[in-house]
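Visitor: My questions all concern the structure below.
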Amino acid sequence: MTQLEDDRKRVERRITSACQQAGRERDEVQVLAVSKTRGTAEIRALHALGQRRFGENYVQEFVGKHDALTDLDPPVEWHFIGALQTNKTRPVAERAAWVHGIDRLKIAERLSRQRPEAMAPLQVCLQVDLSGEPGKGGVQPPEAGRLAASVARLPNLALRGLMAIPAPAQGLAEQRRPLARLRELRDALNAQGLELDTLSMGMSDDLEAAILEGSTLVRIGTALFGPRRPKARQ
Ligand SMILES: *Cc1c(COP(=O)(O)O)cnc(C)c1O
């Protein structure tokens with residue numbers, strides 16, 4: 001068995017066991033393979049094992065890999081999970097299936113305007129800042145309702161849910177606390193009439209805590225591909 005197969009099996013076992021513990025079905029949780037810094041050969045190898053969803057967080061790197069992998073069948077479902085600047089939205093609007101980091105209306109408006117008519121609506125999540133220190137990226141929780149209502153009205157986007165990157169924490173109970181707040185925020189927005197079915201939360205170190213708190217999509221890099229090599233792009 002290759003290292004990649006081995007790591008994928010190990011992640012799968014962790015997810016299955018967390019789902020059991022949470023009393024959830026395994027198919028309620030999707031795996032996004034975070035392939036930032038990994039070459040296209042590694043993405044092809046993981047795709048050959050059945051992985052379909054891949055996530056990238058730098059525009060240029062995303063574009064390069066996306067365009068080099070258009071031959072894959074079935075096609076990759078690409079998720080953009082990084083911060084977006086207004087002058088970099090177009091290549092993402094033209095290529096991604098999902099964008100997880102929406103935290104300003106201006107970015108969402110540009111993505112909607114630039115989404116090609118021939119493509120399905122761009123599926124988006126609002127990124128929420130759970131750190132309580134503004135400036136880290138993400139909308140502040142009290143502002144999330146207003147932003148969500150505005151984004152939900154944009155024609156070429158489909159608002160699907162919330163995403164967060166909590167500060168690293170030790171131990172299950174500590175990890176669960178901010179993730180529970182994201183779930184509660186999603187429930188509160190749905191009670192106000194939105195229809196958010198996605199909680200994009202959980203990474204290599206906290207996927208169990210995230211699944212226990214209702215995550216529907218875990219974003220896994222290191223646990224699938226091994227430790228990241230700095231700047232080893234393509
Ligand atoms: C890198 C990254 C991940 C994956 O992190 P790991 O700890 O390597 O699993 C998840 N989400 C985002 C937004 C990332 O940038």
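The values are calculated or read from the model by the stated rules, or taken from the named source; none is laboratory data. Only a predicted model underlies this, so the values are computations on that prediction, with no experimental measurement involved. Here Cβ is always computed from backbone atoms with ideal geometry, including for glycine, and neighbour counts include all displayed protein chains.
Visitor: So how many residues does the range 212-227 have that are within 11 Å of the ligand (Cβ to nearest atom) and assigned to a helix (DSSP H, G or I)?
Guide: Residues flagged as within 11 Å of the ligand (Cβ to nearest atom) and assigned to a helix (DSSP H, G or I) within the range 212-227 amount to 4.
Visitor: Restricting attention to the range 92-121, which residues are of a type in the set (D, E, K, R) and in contact with a strand residue (DSSP E or B) (Cβ under 7 Å, 6 or more places away or on another chain)?
Guide: Result: Arg95, Asp103, Arg115.
Visitor: Another question about this same structure. Which residues, taken from the range 170-209, are within 21 Å of Val99 (Cβ to Cβ), over 17 Å from the mean Cα position of the chain (by Cα) and among the charged types (D, E, K, R)?
Guide: The answer is Glu195, and nothing else.
Visitor: Please work out which residue is farthest from the ligand (Cβ to nearest atom), limiting yourself to the range 54-67 and to residues that are in contact (Cβ under 8 Å) with a residue 60 or more places away in the chain and out of contact with any Leu (no Cβ under 9 Å at 6 or more places or on another chain).
Guide: Per the stated criteria, the residue is Gly64.
Visitor: Continuing with the same structure: Do you know which residues across the range 12-40 are among the β-branched types (Val, Ile, Thr), under 25 Å from His66 (Cβ atoms) and either over 19 Å from the mean Cα position of the chain (by Cα) or surrounded by fewer than 19 Cβ atoms within 10 Å (Cβ to Cβ) (or both)?
Guide: Result: Thr40, single match.
Visitor: Can you report the number of residues in the range 159-177 which are within 14 Å of the ligand (Cβ to nearest atom) and in contact (Cβ under 8 Å) with a residue 40 or more places away in the chain?
Guide: Qualifying residue count for the region: 2.
Visitor: Right, here's the next one. How about the range 85-127: which of its residues are polar (S, T, N, Q), more than 17 Å from Arg219 (Cβ to Cβ) and without any contact (Cβ under 8 Å) to a residue 40 or more places away in the chain?
Guide: Of everything in the range 85-127, those that are polar (S, T, N, Q), more than 17 Å from Arg219 (Cβ to Cβ) and without any contact (Cβ under 8 Å) to a residue 40 or more places away in the chain turn out to be Gln85, Thr86, Asn87, Thr89, Gln114.
Visitor: Looking only at the range 28-53, count how many residues are outside any loop (DSSP other than H, G, I, E, B) and within 11 Å of the ligand (Cβ to nearest atom).
Guide: Residues flagged as outside any loop (DSSP other than H, G, I, E, B) and within 11 Å of the ligand (Cβ to nearest atom) within the range 28-53 amount to 4.
Visitor: Condition test on Leu212, is it within 19 Å of the chain's Cα centre (by Cα), at pLDDT 95 or above, under 22 Å from Thr16 (Cα atoms) and of a type outside the set (S, T, N, Q)?
Guide: So Leu212 passes the test.
Visitor: I'd like the residue in the range 132-151 that is in contact (Cβ under 8 Å) with a residue 40 or more places away in the chain and within 18 Å of the chain's Cα centre (by Cα) and, out of all such residues, is surrounded by the fewest Cβ atoms within 10 Å (Cβ to Cβ).
Guide: Gly137
Visitor: Ok, one more. So if I check each of Ala120, Ala96, which one is more than 16 Å from the ligand (Cβ to nearest atom) and either surrounded by 20 or more Cβ atoms within 10 Å (Cβ to Cβ) or more than 20 Å from Ala164 (Cβ to Cβ) (or both)?
Guide: Ala120
Visitor: Let me ask another. Determine whether Gly23 is without any contact (Cβ under 8 Å) to a residue 60 or more places away in the chain and of a type in the set (Gly, Ala, Ser).
Guide: yes
Visitor: Taking the range 192-211 as the region of interest, how many residues are part of a helix (DSSP H, G or I) and within 9 Å of the ligand (Cβ to nearest atom)?
Guide: Here the count works out to 1.
Visitor: Any idea how many residues of the range 77-122 are among the acidic types (Asp, Glu) and in a loop (DSSP other than H, G, I, E, B)?
Guide: Qualifying residue count, the range 77-122: 3.
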